[in-house]
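*Asks:* Here it is, the structure in full.
We did not get these values from a lab; they are worked out from the coordinates using the rules stated. As the structure is a prediction and not an experimental result, all values here were calculated from the model. Cβ placement follows ideal geometry from the backbone for every residue including glycine, while neighbour counts extend to all protein chains displayed.
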Amino acid sequence: MLKKTINFSVICFILILVFVFAAQLSFAQEKINVMAARAHKDVVVGSGGAGINLMPDLIKQEGIDVEWQTLPWEKMQEIIYREASLKQSNISVMYILDSWASPQMIKLFSPLNEYIEKNPIENFDLIAKGMRESMTINGKIYAIPVRANASLMFYNEKILKDHGFEKAPQNFEEVISIAKAVSGRQEDGKMVYGIRFEVPTELINWARAWGGDTITSDFEIKLNEKPMIKTLQLARELYEAGAIPRDFMNLTADEYLTLMLNGQLAMTIRSANYYYTLTDPEKSNVAEDIKFIPTPASKTVDFDVAPVQTNFWAMAIPKASKDKENAWKFIKYLSSDKAALTMALNGNGPTKLTVLEDEQYMKETPYAVEAKKVLNVGRPLWPAFAELPKVMDIFKEEVVMSIVGKKTPQEAMDDAAERIKPLLPKN
């Protein structure tokens with residue numbers, strides 16, 4: 001009798017464990033589908049960097065699991081646009097690049113203001129302002145920034161010191177002066193250029209140092225105003241002085257990187273994560289000479305750090321999603337201070353300023369302090385819209401005409417504005 005009682009008790013205990021486990025499992029296995037690039041998944045599941053897997057905590061805290069659908073980069077925009085256009089979709093969250101968020105595409109996603117108000121993100125205001133504003137249209141925010149890289153000005157300290165400059169440039173006027181002074185044929189026969197000049201990227205970065213821009217987020221044309229005109233005049237002076245390569249219009253980002261690694265370029269604006277390439281003795285001939293600063297603004301403006309190019313990825317909920325509530329739980333969780341820090345330690349470029357202030361992250365990331373200054377003001381170079389590729393080509397064409405002396409800067413930018421205006425969104 002005792003044996004039967006014990007056996008019955010054991011069976012009951014096992015059944016209870018099974019039911020508890022099953023209940024937990026069913027709670028944890030409420031899955032959502034997330035469409036992203038492989039890198040986005042890797043920083044969540046801990047495939048690199050610190051190797052910390054956030055999924056168990058997400059399941060425990062929010063009660064949802066994730067089915068990742070990772071896409072090849074070259075087809076990603078097309079696939080996401082097609083999926084978001086459906087009347088109903090099994091995809092709950094999509095990662096989108098800032099340059100994809102045209103007025104046409106952004107309408108395919110749900111505004112998030114209501115979710116932010118009802119179930120707010122921790123320290124939401126500490127997500128970089130420029131990125132939040134880039135995803136906000138008519139007061140409605142459509143995506144939450146999650147991955148970015150600040151851009152810093154890297155410089156070759158030895159080149160500067162060899163020409164009498166004992167410290168980094170303190171303003172953009174000094175950037176121009178240094179670029180002119182250090183350029184030319186060196187004693188060893190090596191040709192050195194003062195600064196990278198890749199059109200249109202660098203020209204826009206420079207114009208922003210003077211308070212200028214090309215086109216605003218509400219599609220107001222600014223490229224023919226004084227800051228851009230001044231920037232073009234300075235670029236022409238640098239070109240005539242040999243401070244930028246004669247064939248600048250044909251050089252690629254990789255070719256400029258090679259110049260920097262070989263000690264033939266004094267200054268360059270690059271994503272902060274290039275620090276690891278530029279200071280790697282196995283890749284760089286000047287690794288010990290490379291230093292960095294936030295790109296300084298002109299003395300004539302009321303800010304210290306230029307709002308240079310900052311591209312980013314953001315998480316959005318398609319209107320066609322069948323599970324928006326759980327989609328928001330996922331976004332909210334990954335936007336928390338803890339998750340943002342963990343992803344950063346796993347190799348993600350943070351969008352949240354709290355990460356850049358964290359002692360552990362600062363200890364492991366030499367440029368954290370400088371990156372914070374840039375992320376706080378940085379933004380994409382252009383607003384997103386359908387005809388942007390054509391606009392960029394027009395802008396580049398007119399810039400080159402100005403720099404080689406076939407048009408004055410004002411003529412070139414007035415012509416660019418006239419050609420670009422019909423290509424801008426009407427609303």
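*Asks:* Measure off 7 Å from each Cα along the Cα-to-Cβ vector at Tyr81 and Leu423, then give the distance between these two points in nanometres to one decimal.
*Replies:* It works out to 1.6 nm between the two label points.
*Asks:* Below 8 Å, C-alpha to C-alpha, sequence gap of six or more: please give me the relative contact order for the chain in percent. It would help to have the intermediate numbers written out before the result.
*Replies:* Working: 755 pairs, mean separation 108.1, N = 427.
It rounds to 25 percent for the chain.
*Asks:* Right, next: Using each residue's phi in the range 302-314, evaluate 6.51 cos²θ - 1.76 cosθ + 1.60 at θ = phi - 60° and report the 3J(HN,Hα) Karplus result to the nearest Hz, with x for Gly and Pro.
*Replies:* For the range 302-314, the Karplus curve yields 9, 9, 9, 10, 5, x, 6, 3, 9, 8, 7, 9, 9 Hz.
*Asks:* Assuming R0 = 30 Å, can you tell me the calculated FRET efficiency for the pair Lys190 and Asn273, based on Cβ-Cβ distance, to the nearest 0.05?
*Replies:* Between Lys190 and Asn273 the formula returns 0.65.
*Asks:* Another question, if that's okay. Give the whole-number value, in cubic angstrom per residue, of the convex hull volume spanned by the C-alpha atoms of the range 101-253.
*Replies:* Measuring per residue, one finds 158 Å³ for the Cα hull of the range 101-253.
*Asks:* What is the distance in Å between the Cα centres of the range 308-339 and the range 122-188?
*Replies:* Cα centroid of the range 308-339 versus Cα centroid of the range 122-188: 27 Å apart.
*Asks:* List nothing, just return the count: lysine pairs in the range 19-133, 8 or more apart or interchain, with Cα separation under 25 Å.
*Replies:* 15
*Asks:* Taking the highest mean first, how do the peptides 333-345, 104-116, 60-72 order by number of other beta carbon atoms within 10 angstrom per residue? Walk me through the intermediate numbers first.
*Replies:* Details: 333-345: 21.3, 104-116: 17.7, 60-72: 15.5.
Output ranking for 333-345, 104-116, 60-72: 333-345, 104-116, 60-72.
*Asks:* So how much slack lies between Asp414 and Glu357, counting 0.36 nm per residue of separation and subtracting their Cα-Cα distance, in nm?
*Replies:* Residue separation times 0.36 nm, minus the Cα-Cα distance, leaves 16.2 nm.
*Asks:* Here's something else I'd like to know. Distance from the Cα centre of the range 45-67 to that of the range 347-363, in angstrom?
*Replies:* For the range 45-67 versus the range 347-363, the Cα centre distance is 18 Å.
*Asks:* Could you size up the charge dipole of the range 204-288 around its Cα centre, putting +1 on the beta carbon of Lys and Arg and -1 on that of Asp and Glu, and report it in debye to the nearest 20?
*Replies:* Dipole about the Cα centre, nearest 20: 240 debye.
*Asks:* Sticking with this structure for a sec: Multiply the residue separation of Val369 and Lys158 by 0.36 nm, subtract the distance between their alpha-carbon atoms, and state the gained length in nm to one decimal. Write down the numbers at each step before the final one.
*Replies:* Values: separation 211, 0.36 × 211 = 75.96 nm, distance 2.31 nm.
Once the chain is fully extended between Val369 and Lys158, it gains 73.7 nm.
*Asks:* Between Glu30 and Leu388, what length comes free when the chain is fully extended (0.36 nm per residue of separation minus the Cα-Cα distance, one decimal in nm)?
*Replies:* 124.9 nm
*Asks:* Most fluctuating residue of Lys332, Lys322, Lys167 in a GNM of the chain with Cα springs under 10 Å: which is it?
*Replies:* Lys167
*Asks:* How many percent of DSSP beta bridges within the chain run antiparallel, rounded to 5?
*Replies:* 65 percent
*Asks:* Could I ask something else about it? If the only charges are +1 at each Lys and Arg Cβ and -1 at each Asp and Glu Cβ, what is the size of the charge dipole of the chain around the Cα centre, to the nearest 20 debye?
*Replies:* Details: 50 positive and 55 negative charges, 254 e Å.
Computed about the Cα centre, the dipole is about 1220 debye.
*Asks:* Quick one, could you list the DSSP H helices from the chain stretching 30 Å or more along their long axis (Cα atoms) with average Kyte-Doolittle hydropathy of -0.5 or above?
*Replies:* Length and hydropathy pass: 2-28.
*Asks:* May I ask you to order 157-164, 265-272 by the average number of other C-beta atoms within 10 Å around their residues, highest value first?
*Replies:* Numbers: 157-164: 15.9, 265-272: 23.2.
Highest to lowest by the protection proxy: 265-272, 157-164.
*Asks:* If you line up the Cα atoms of the range 276-321 on their principal axes, what length do they span on each, largest first, in Å?
*Replies:* Answer, in whole Å and largest first: 52, 39, 8 Å.
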